[in-house]
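Below: one structure, written as C-alpha cells.
The values are calculated or read from the model by the stated rules, or taken from the named source; none is laboratory data. Just so it is clear, the model here is predicted, and its values are computed rather than measured. Counting neighbours? That spans all protein chains shown, and the Cβs are built from the backbone with ideal geometry, glycine included.
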Amino acid sequence: MGKPALLKTLDLDPNLGRFTKTHSPTTIVIGRIMAEQVDLTADPIPLARQMAEQLLQHALEPTRFEFYDAWEGYNEPVADTVDKMKRLADLEAERTRLLGEQGVRSVVGNFGAGHPPLELWEHFKPALEAVRQYKGFLGLHEYSAPIMQWGFGKLQSTPGSDEGDEGWLTLRYRKVYRYHLKPMGYGDLPLLITECGVDGTVRPRPGPPEAKGWRDFELYWHSNGLRDDMPGVYMDQLIWYDSELQKDDYVKGAAVFVAGGSEEWESYDILGRTIELLTQYLSVHPPKSAQ
C-alpha cells in the first residue's frame, strides 16, 4: 500500500483521519472547510475569529483532534497589493494563534498557483511568525499546463528564457524561499504543497484554450509526441515533480488534486489507473518521512 506524505481532505468524517493514520502513521492529514472567498478590504481580525470559530467546531472533535495534523483557513486568497497582503498576514496570524491556543495547528497562505506577487512576501511576516510559534505550516498551490513542467527551467513563454531549477508556477516555491523567506529568517519553515497537478485555467499557456484538468489535454499530449498512455504520461510528470520536491528538506509533502472530486472536477480526477500507478510508485519510493 502506498503511504503518501500528505493527505488533504474536505471530507471531514473523523474516521478518515483514523483510517489514514492507522495505515500510514507518518502521513500528514490536513483538513479544510468550505468558505466563501475572503474579503481582504475588510477588517481582518473579525474574519480571523469567525474562521477560527468555524474550524474549531470540527478540529476539537476528539477523533479529528487526535488524527488531523493541521487545518487550512481561506482557500486561494487573492492578496495582490501591499494592503491586502498585510491584512491577510494579520488574519492568518490571528487565526493561527486562536487555533494554536487550543492545541490545533494551522496551514497558512494556501495561495493559488503563481500567487502572490513575489515582492509582497515581506508583508506576510506576521503569519510566518505565528506559524513558527505554533508549529504550523506554510501552504502553497502549484499547478501548470499543458504539462506540469511548463514555466520551469527552459520551458518558458519567452524564447531563450531559462529559470534554472526554479519555475514561475511549479517549483515557484524555490523563488519564494531563496529570495524572500530565507533572507527574512524563515528559510526552514515547513512547507506543504496543498494542491498540485495540471490545471489549464493557469495562464498564459500553450494548448487547447478550453482545457482544464489533465484529462482534457489527452489529445494535445498525444499530438505532441507523448506516448498513447495518458495516465502514464501524467504519472511521469508527477514523478518528475516529486523528484524535485525531495531535494528540498523543508518541503514536507504535496497533495495531487483531486481523488474522487465532484462532477465539476472530473477532468482533474486521478481515480482509476492513475491512482493505481501513484500507489505503486509510493510503495517503491516512500516519502522521506516514512523511510
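Assorted remarks:
- Looking only at residues in the stretch 126-150 that are out of contact with any Pro (no Cβ under 7 Å at 6 or more places or on another chain) and of a type in the set (Phe, Trp, Tyr), the one that is surrounded by the fewest Cβ atoms within 10 Å (Cβ to Cβ) is 134.
- Of the criteria (1) at pLDDT 95 or above; (2) more than 17 Å from the chain's Cα centre (by Cα), which one residue 158 fails: (1)
- Some residue of the stretch 46-68 being touching a residue at least 12 places away in the same chain (Cβ under 8 Å), within 18 Å of the chain's Cα centre (by Cα) and in a loop (DSSP other than H, G, I, E, B): yes
- Among residues of the stretch 215-228 that are under 25 Å from residue 261 (Cα atoms) and in contact (Cβ under 8 Å) with a residue 60 or more places away in the chain, those with a beta-carbon under 7 Å from a residue that is of a type in the set (Val, Ile, Thr) and not in a loop (DSSP other than H, G, I, E, B) at least six positions away or on a different chain give the pairs 217/198; 221/233.
- Test set (1) of a type in the set (Gly, Ala, Ser); (2) assigned to a helix (DSSP H, G or I); (3) touching a strand residue (DSSP E or B) at 6+ places or on another chain (Cβ under 8 Å); (4) at pLDDT 95 or above - residue 232 fails condition number: (3)
- Among (1) under 17 Å from residue 140 (Cα atoms); (2) buried (at least 22 other Cβ atoms within 10 Å of the Cβ), the one test that residue 51 misses: (1)
- Residue satisfying all of: in the stretch 108-125; buried (at least 19 other Cβ atoms within 10 Å of the Cβ) and not in a loop (DSSP other than H, G, I, E, B); farthest from the chain's Cα centre (by Cα) among these: 123
- Total residues in the stretch 38-94, condition among the charged types (D, E, K, R), in contact with a His (Cβ under 8 Å, 6 or more places away or on another chain) and at negative phi: 3
- Criterion: of a type outside the set (D, E, K, R), buried (at least 17 other Cβ atoms within 10 Å of the Cβ) and farther than 24 Å from residue 10 by Cα - qualifying residue of 220, 281, 268: 220
- Against the test of being in contact (Cβ under 8 Å) with a residue 60 or more places away in the chain and touching a Ser or Thr at 6+ places or on another chain (Cβ under 7 Å), the options 2, 17 yield a single qualifying residue, 2.
- Applying the set (1) part of a helix (DSSP H, G or I); (2) closer than 30 Å to residue 125 by Cβ; (3) not small (Gly, Ala, Ser) to residue 239 leaves exactly one unmet item: (2).
- Note on the stretch 242-272: residues that are closer than 17 Å to residue 3 by Cα and either basic (Lys, Arg) or not in a loop (DSSP other than H, G, I, E, B) (or both) total 9.
- Test: residue in the stretch 176-197 that is farther than 21 Å from residue 131 by Cβ, in contact (Cβ under 8 Å) with a residue 24 or more places away in the chain and surrounded by 13 or more Cβ atoms within 10 Å (Cβ to Cβ): yes
- Scanning the stretch 132-182 for residues that are among the basic types (Lys, Arg), under 26 Å from residue 95 (Cα atoms) and assigned to a loop (DSSP other than H, G, I, E, B) gives 135, 172.
- Hey, residue 246 loosely packed, with under 14 Cβ neighbours inside 10 Å, modelled with pLDDT of 95 or more and farther than 24 Å from residue 152 by Cβ or not: no
- Residue count for the stretch 20-45, restricted to those that are under 21 Å from residue 257 (Cα atoms), in a loop (DSSP other than H, G, I, E, B) and touching a Lys or Arg at 6+ places or on another chain (Cβ under 9 Å): 4
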